[in-house]
Structure formats: structure tokens, C-alpha cells
Amino acid sequence: MLPGLMCCISPILQAKQKPNVLFLIADDLRPELGCYGVKEIKTPNIDRLAASGILFQNAYCNIPVSGASRASLLTGMYPHYPNRFVQFDASASKDCPEAIPVSQWFTMHDYYTVSNGKVFHNIADHADSWSEYPWRVHPEGYGKDWADYNKWEVWMNSESGHTINPKTMRGPFCEWANVPDSAYDDGKGALRTIADLKRLKMTGKPFFLACGFWRPHLPFNAPRKYWDMYDRNKIPLATNPYRPTDLPGQVKPSQEIFSYARVKDTNEEAFQREAKHGYYASVSYVDAQIGLILQALDELGLRENTIVVLIGDHGWNLGEHTFWGKHNLMDCATHVPLIVRAPGAKTGKTKSMVEFVDLYPTLCELCALPLPEKQLDGKSFVPILNNPKSKIKEHVYIQWEGGDNIVDNQYSYAEWAKGKKKDCMLFDHKKDAAENHNIAGKVKPALLEHFAQLIQKIKSIIK
């Protein structure tokens, strides 16, 4: 039996026809973009999208790992350690089968829904919730063996086969193959999405079209022309390649990058320059694919009635604190890009706090759909789209492997409680935006207790 309904109508949209939704998600994309003030990276298409919509400067994922983050945001429900949305390959349909994913909700409400590329982490996860079976270049691939060399054509340069990690059978952590954009999956996904836009325009029904890009997730494989856009020696390295003072031992670097070949010492400058070069090239490659899709949206006359959402599923450390990857509660791993362009909405930037569980209710309000009752943990941020100075909440909540994290406009507080013992970290982003000094042991206990009580309040109501 379906949950009861609770109506929620947006003041933004007055159009007779329900708006379309174009939902773009990139894997491991942190706010390392021109529109976020990073002048060294080349992301002209995302920057233009940001200029035509609202850029969220304080958006956060709810868990810094792909499968769990996607399961959480697509159901609008917080992770619940250790029972729900925890692992990198988490499936919403297994972890929380009673929850209605946003794809199913839109399908039920007369939208034609399509999934291309990596949207849910697992292609079979809620596959029947879309109007048609999710599309991927290799629908049978991308399980735990997805990066076995070269089982699913992840590498295009024959030289990549000369270096294989013998423990994992994966290829090198990056390559620059002299191939067209369509050689890699993301180029194929963009072309598929453009073809779908043309097809969906003819249906006469509003659509929810999701396109998930694999890059800039490891391996940093992108056509050579995107590598050639950069002078490796001019890409700035992390200015804080050291562990923060007094950081709890629970905060550890991700080991994911060591599963690829050609990774030995991540402290070496040569490695750091090549890795960051590869990340930048991969982001520029994804940016170009996004540009093609947005150009098609304009040429098809769909822009004026289409909501565009662009996110990265979580952040990624690029050498900060010696870390390369996600899998921690540092800001680089949890802070995400979020850009929303909605018909009738304002443009500009906002510092208002939002989190991924807010996406589901926001899209429902924008499209004048009811909400599934007693499911969603987030709040609609439509008020922010109407007025970038508005606020819908004071803080966001993040989990990772038993650690609970509260972030507000000034502080990031995390705790790891085990019985009566508790380890804490606290960063003051106004004084220490780079999170180099844990001040949990240097502030009044009342401040720590304030955040601890917020965590307990949230955990007490998580369903």
C-alpha cells in the first residue's frame, strides 16, 4: 500500500504544463569548478549553467561514498549506520525496500522517467521504478569487477595494459588516450541523453531524465585533448599536505587509489601533479559532455520548461591532509557542488545550508507533486530558489562509519561515540576554512554539547 499523500505546491512555476527535469550527476565531483572560484580549472559549460541558475556554496552530501549517497538522495532519507545506506555499493531497494525512490514517485505521477549511465550505483537497484530499464554502455558490468583490466573497456590506451596492479587486476590510475569523446562511456552517455531529449520531446508528457557520469571517479581516464588543456606544472597542489593537529584516529585516508596500478607513494610531488592533472582533465571532459546536453536542450526549445539540477555525489580529497579520495568526514569529502536552474527562479549564489536529502522534496515542489508521507528527511529549498538569502535550516547532517557530523555556517563538528567514550573534532570554518586545526579540546564544553545534542535529536527521529 502506498503511503498517504501530503500536498506541496511551488510558487515558482505557473506554467500550464508540468516542467521537465534534467538531473545530472557526476561521480566524485567536488566543488573544484570555475564557478566555485577555482580559476585554474576549465569548466566553461558548468560555469554558464551556474550563471543562469542558483549556485549553492554550502551544499553537502549525507554520506561520502557513492552507493550510499545515491541511495540516500534518491529516496530522500538519511543514512542510518550500520543498517541503511552505508556501503559503497549500497542498494536502496535492499536497504530500505519500503521507501519510494524519486524515480518511482515521478513515474507514478505521469512523468516519463529515464536513467542513463550511473544514477543509482547499481543498475538493478529500483530498475522497475523508471519508465524503461536503465541504460548503461555495459549493463551487465560495473559490479565489484568493474575496473578489472580491461573487462569493461575502461581503458582505451594500449599502453595502459603494460601496468596492472597484480592484487586487484586493475589498470593504471589514469590515462590520456588519443580518442574521441565518444570512446569512453561518458561521451556515449551524453550522446544517448541528447537522443533521449529529442525522443522525449515528442511524447507530449513531462519527463524526468537522469544522466550519470562516471568521471571524475578513478581512473582519471579522459581523451588527450582534455589533458592538453593544462600545463601540469601550473596546476596548484594542496597547500596543506599534512594531517591536521589533534585529528581523531578515526579519520583515515581512503585506500581506493592504491587499488590501481602506478600508485606507490602519494606523497611524491610527481604523483600529486599527475593525479591532480588527471582529475582536472576528467572534470573538463565531463564539462564538455554537459555542454553538449545543455546545447541540445536549448536547440530543442526545452530550456524554458526544464528544471536542470547538477550535483557531484560527494567530495574528494586532492592531497589535502595527505588524503586522496573520499571516505572521511573532512570538508573536502562531504562538501559538494549543487547548481539548480528552474523556470521562474532567481539566479545567483547562496550561502544557505542544504543537504542531499533536500533534493527530493524540492523537485516535488517545483513540479507541483505531493510528497510521500512519513518518508522524507529533508526540506524543500524552493524558498532559496525564490530568494537566495533565504534559509531552510541551520545545519546539515552527515554520517560515515559510525561517525556523526554536523556542519553549519561556521563550524563542522563530528563525534565517534563508543559506550561512554567519545572522540570529537571541531573546525571553525571562519578561522580555519582548510580544517588544519581540530579545536575540540580548546573550546568551552557547552559548544561541543550543543552539537552533540543536535546529533542525538536527529538520530532519534531517523526512520
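The values are calculated or read from the model by the stated rules, or taken from the named source; none is laboratory data. Nothing here was measured: the structure is a model prediction, and the numbers come from that model. Don't worry about glycine lacking a Cβ; one is built from the backbone with ideal geometry, like all the others, and counts go over all protein chains shown. The protein model used for the area step is the full one, side chains on, heavy atoms only, and it has no ligands, DNA or RNA in it. Shrake-Rupley method; radii C 1.70, N 1.55, O 1.52, S 1.80 Å.
Values computed for the structure shown
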quantity: Histogram of C-alpha separations across the chain, 20 Å bin width, %; calculated: 25, 60, 15, 0
quantity: Solvent-free Debye scattering, log10 I(q)/I(0), computed from the Cα coordinates of segment 236-298 at q = 0.18, 0.22, 0.30 Å⁻¹; calculated: -0.85, -1.02, -1.26
quantity: Antiparallel DSSP beta bridges within the chain, percent to nearest 5; calculated: 50
quantity: FRET efficiency for LYS463 and ASN233, using Cβ-Cβ distance with R0 set to 45 Å, rounded to 0.05; calculated: 0.30
quantity: Solvent-free Debye scattering, log10 I(q)/I(0), computed from the Cα coordinates of segment 268-317 at q = 0.18, 0.22, 0.26, 0.32 Å⁻¹; calculated: -0.72, -0.88, -1.02, -1.16
quantity: Evaluated over segment 76-202, the Cα radius of gyration and Dmax, each in Å; calculated: 17.5, 51
quantity: Accessible carbon and sulfur surface of the chain relative to its total accessible area, %, 1.4 Å; calculated: 53
quantity: Simple spin-label estimate for LYS39 and LYS379 in nanometres, 7 Å along Cα-Cβ; calculated: 3.7
quantity: Å² per residue, accessible surface of segment 36-112 at 1.4 Å; calculated: 34
quantity: Inter-probe distance in nm under a simple model that places probes 7 Å from Cα toward Cβ, at THR163 and ASP110; calculated: 5.7
quantity: FRET efficiency, 1/(1 + (r/R0)^6) with R0 30 Å, evaluated for GLU98 and ASN240 via beta carbons; calculated: 0.10
quantity: Normalised contact order of segment 317-463, rounded percent, pairs of Cα under 8 Å and 6 or more residues apart; calculated: 17
quantity: For ILE307, distant residues with modelled amide H under 5 Å away; calculated: ASN20, VAL21, LEU22
quantity: For segment 330-463: Kirkwood Rh in Å [reciprocal of mean 1/r, alpha carbons]; calculated: 16.5
quantity: 10 Å binning of all Cα-Cα separations within segment 59-130, expressed as whole percents from 0 upward; calculated: 22, 54, 22, 1
quantity: Mean Cβ count within 10 Å, highest first, over the residues of peptides 331-343, 97-109; calculated: 331-343, 97-109
quantity: In range of the label at GLU268: residues from segment 155-178 whose backbone nitrogen is under 17 Å from the point 7 Å along Cα→Cβ; calculated: 162-166, 172-175
quantity: Expected 222 nm ellipticity per residue - DSSP helices of 4 or more, -39500 (n - 2.57), all of the chain, to 500; calculated: -7500 deg cm²/dmol
quantity: For segment 421-463, the Rg and Dmax computed from alpha carbons only, in angstrom; calculated: 12.2, 36
quantity: Inter-probe distance in nm under a simple model that places probes 7 Å from Cα toward Cβ, at ARG303 and LYS393; calculated: 3.3
quantity: Volume of the Cα convex hull of segment 178-299, divided per residue and given in Å³; calculated: 167
quantity: Relative contact order computed over the chain (Cα-Cα under 8 Å; 6+ residues apart), in percent; calculated: 26
quantity: Probe 1.4 Å, accessible area per residue of segment 315-446, Å²; calculated: 37
quantity: Å² per residue, accessible surface of segment 162-259 at 1.4 Å; calculated: 46
quantity: Extension gain, LYS420 back to MET202 (0.36 nm per residue minus Cα-Cα distance, nm); calculated: 72.3 nm
